[in-house]
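Asker: I have a structure I would like to understand better, so I am pasting it below and will then ask my questions one at a time.
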Amino acid sequence: MIKLINKYLNKLYDHGLANKNHTTFIAFDTEIISNRTLNDRVKKLKILLDKMNINSLLYAEPTTLYSEILSHLAENDYIKVDYSSTEGIKKYDFIKKIIPLDSESRMFLNDIPIISKFSLNLMDKALSVRKSVIVGKRKIITHGSLTPEQAFINFSSTCFAILVKYFFDSLYYIEKLYNKNKKPENTFLEAFNVIRSNLENTFPQVNLKLKKDNFEELQIKKLLDQKLKDENEISDAISYVGKVLVKHRLVNSCFGNLSYVFGDKIYITQTGSSLDELHDSIEAVPLDGSSTVGITASSEYSTHKKIYYTTGNVAIVHGHPPFSVIMSLYCTKRDCPNYSKRHLCNTLCKEQRQINGIPIVIGEIGTGIKGIVNTVPISIKKSGVVLVYGHGVFASAMNFNKALSLIFKVEDMCRRKYFRLIDTYLQRISV
């Protein structure tokens, strides 16, 4: 168990999510094990772990970018967009909560409670209905029902959710003030500039150049430019692309998926698999549906398969780049009947939306009448890439290098567009 704890601690640090000096991970095997020596806080977490009858607890202060966002979201209400709570969420009035709109959080976290202090009673109540809780102004506690990996996934997903939430709401707040010709609060501007600076340090510009002395990596990189010819090459290429997506923060935890069509099979990542360790998590599914192996394939297997049949492209990459998600959520149609019910836009929107010619489509994960299987394949045919409202980017091409490049280009475009909007609004307000 201690090996598992250390594995996911290292992932937290490598992915730039948690502060090494303020992270406590405890889990139960034959006994309760922790990365921290026994102190009052660890003792209380052990009590909570035993009381909840779960496998693990992760209590940590995230790195500066996320902790600054947490502090701002916990302290201030003025940037929060007024929209209804997601339907079906259990009510709990004893605490505040953050309600993200991105599809990953809607499906996985629903909303994120905020409790004022480190309290066993409040944490027990909040974690009994949610997977993740914000504690005070700068801490997050998550749990794993069965494994430490679940606690890590919940923590990673929370960091993604609050980043998208903060920048999305900030854009709406600044736009709203621009329309009223009012200046933002100084406290907001100061915090926004600090968070923006931290973003630049945490999410640097993408650089796919490889060192010439890294022979193994160069050999794999060559695979991405060509047609793959056997299962070993497919496995190597998919595993490499997964690591690239994780390294450049274009996916988080276990979200996103990859596929490649070869012969009469589609090779696709398993549902819930970590994209930075894919070698044993790739399913070979017959295209004719003659096998049940597709049951463990990605939940978006049907969409991948239909993209192939619609476009003929054999390499498909799906990621959740943060600014692509943010800009897919951003809509300027204020007279829309759903404007006050934005949690319904992902299935009800009738607008033909796009960003720089790249279509934005709606749909829920998977199949069904509202599934993205009905919207993504037909829209991706022309440009090879499509944004899904609140969900991320699908890219397809005849090789992985082209598909990966499309993902990077869309995220870079959306990030630049976001800050151009912000800067334009602020400059015009100040005139």
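The values are calculated or read from the model by the stated rules, or taken from the named source; none is laboratory data. As the structure is a prediction and not an experimental result, all values here were calculated from the model. We place every Cβ from the backbone using ideal geometry, glycine too, and count neighbours over all the protein chains shown.
Asker: Could you list all residues from the stretch 255-264 that are surrounded by fewer than 22 Cβ atoms within 10 Å (Cβ to Cβ) and modelled with pLDDT under 95? Let's see the steps before the verdict.
Answerer: From the stretch 255-264, those surrounded by fewer than 22 Cβ atoms within 10 Å (Cβ to Cβ) are 262-264; that's our starting set.
Passing the criteria: Gly263, Asp264.
Asker: Of all residues in the stretch 165-215, how many are at pLDDT below 90, closer than 21 Å to Tyr13 by Cα and assigned to a helix (DSSP H, G or I)?
Answerer: Of the residues in the stretch 165-215, 3 are at pLDDT below 90, closer than 21 Å to Tyr13 by Cα and assigned to a helix (DSSP H, G or I).
Asker: Looking at the stretch 96-113, can you tell me whether even one residue there is in a loop (DSSP other than H, G, I, E, B) and at pLDDT 90 or above?
Answerer: Of the residues in the stretch 96-113, the ones in a loop (DSSP other than H, G, I, E, B) are 99-102, 109-111.
Next, only the ones that are at pLDDT 90 or above stay: none.
The answer is no; no qualifying residue exists.
Asker: Within the stretch 101-132, can you find the residues that are surrounded by fewer than 20 Cβ atoms within 10 Å (Cβ to Cβ), hydroxyl-bearing (Ser, Thr, Tyr) and touching a strand residue (DSSP E or B) at 6+ places or on another chain (Cβ under 9 Å)?
Answerer: Result: Ser116, Ser119.
Asker: Turning to a different aspect of this structure: It is to be established whether one or more residues within the stretch 378-386 are farther than 24 Å from Asp335 by Cα, assigned by TED's automatic domain parsing to the domain that holds Thr311, at pLDDT 90 or above and in contact with a Leu (Cβ under 8 Å, 6 or more places away or on another chain).
Answerer: yes
Asker: Another one. Looking at (1) of a type in the set (Ser, Thr, Tyr); (2) at pLDDT 90 or above; (3) closer than 24 Å to Tyr172 by Cβ, find the lone condition where Thr310 falls short.
Answerer: Unmet for Thr310, out of (1) of a type in the set (Ser, Thr, Tyr); (2) at pLDDT 90 or above; (3) closer than 24 Å to Tyr172 by Cβ: (3).
Asker: Return yes or no: is Ile162 touching a strand residue (DSSP E or B) at 6+ places or on another chain (Cβ under 8 Å), among the β-branched types (Val, Ile, Thr) and assigned to a strand (DSSP E or B)?
Answerer: Values: touching a strand residue (DSSP E or B) at 6+ places or on another chain (Cβ under 8 Å): yes; among the β-branched types (Val, Ile, Thr): yes; assigned to a strand (DSSP E or B): no.
It is false that Ile162 is touching a strand residue (DSSP E or B) at 6+ places or on another chain (Cβ under 8 Å), among the β-branched types (Val, Ile, Thr) and assigned to a strand (DSSP E or B).
Asker: Still on this structure, please answer the following. So the check is Cβ under 7 Å with 6+ separation or different chains; which pairs have a first residue in the stretch 137-151 that's under 19 Å from Asn6 (Cβ atoms) and modelled with pLDDT under 90 and a second one that's basic (Lys, Arg) and not in a strand (DSSP E or B)?
Answerer: Once the first residue is under 19 Å from Asn6 (Cβ atoms) and modelled with pLDDT under 90 and sits in the stretch 137-151, no partner that is basic (Lys, Arg) and not in a strand (DSSP E or B) comes close enough.
Asker: Yes or no: Glu364 touching a Phe, Trp or Tyr at 6+ places or on another chain (Cβ under 8 Å), acidic (Asp, Glu) and in contact (Cβ under 8 Å) with a residue 12 or more places away in the chain? Walk me through it before giving the result.
Answerer: Values: touching a Phe, Trp or Tyr at 6+ places or on another chain (Cβ under 8 Å): no; acidic (Asp, Glu): yes; in contact (Cβ under 8 Å) with a residue 12 or more places away in the chain: yes.
Spelling it out, it is not the case that Glu364 is touching a Phe, Trp or Tyr at 6+ places or on another chain (Cβ under 8 Å), acidic (Asp, Glu) and in contact (Cβ under 8 Å) with a residue 12 or more places away in the chain.
Asker: Do any helices (runs of 4 or more DSSP H) lying entirely in the stretch 312-404 carry at least 3 residues that are among the aliphatic types (A, V, I, L, M) and either buried (at least 23 other Cβ atoms within 10 Å of the Cβ) or touching a Cys at 6+ places or on another chain (Cβ under 7 Å) (or both), and which ones are they? Step through it out loud before you land on a result.
Answerer: Values: elements: 322-329, 345-348, 376-383.
By residue number, 322-329.
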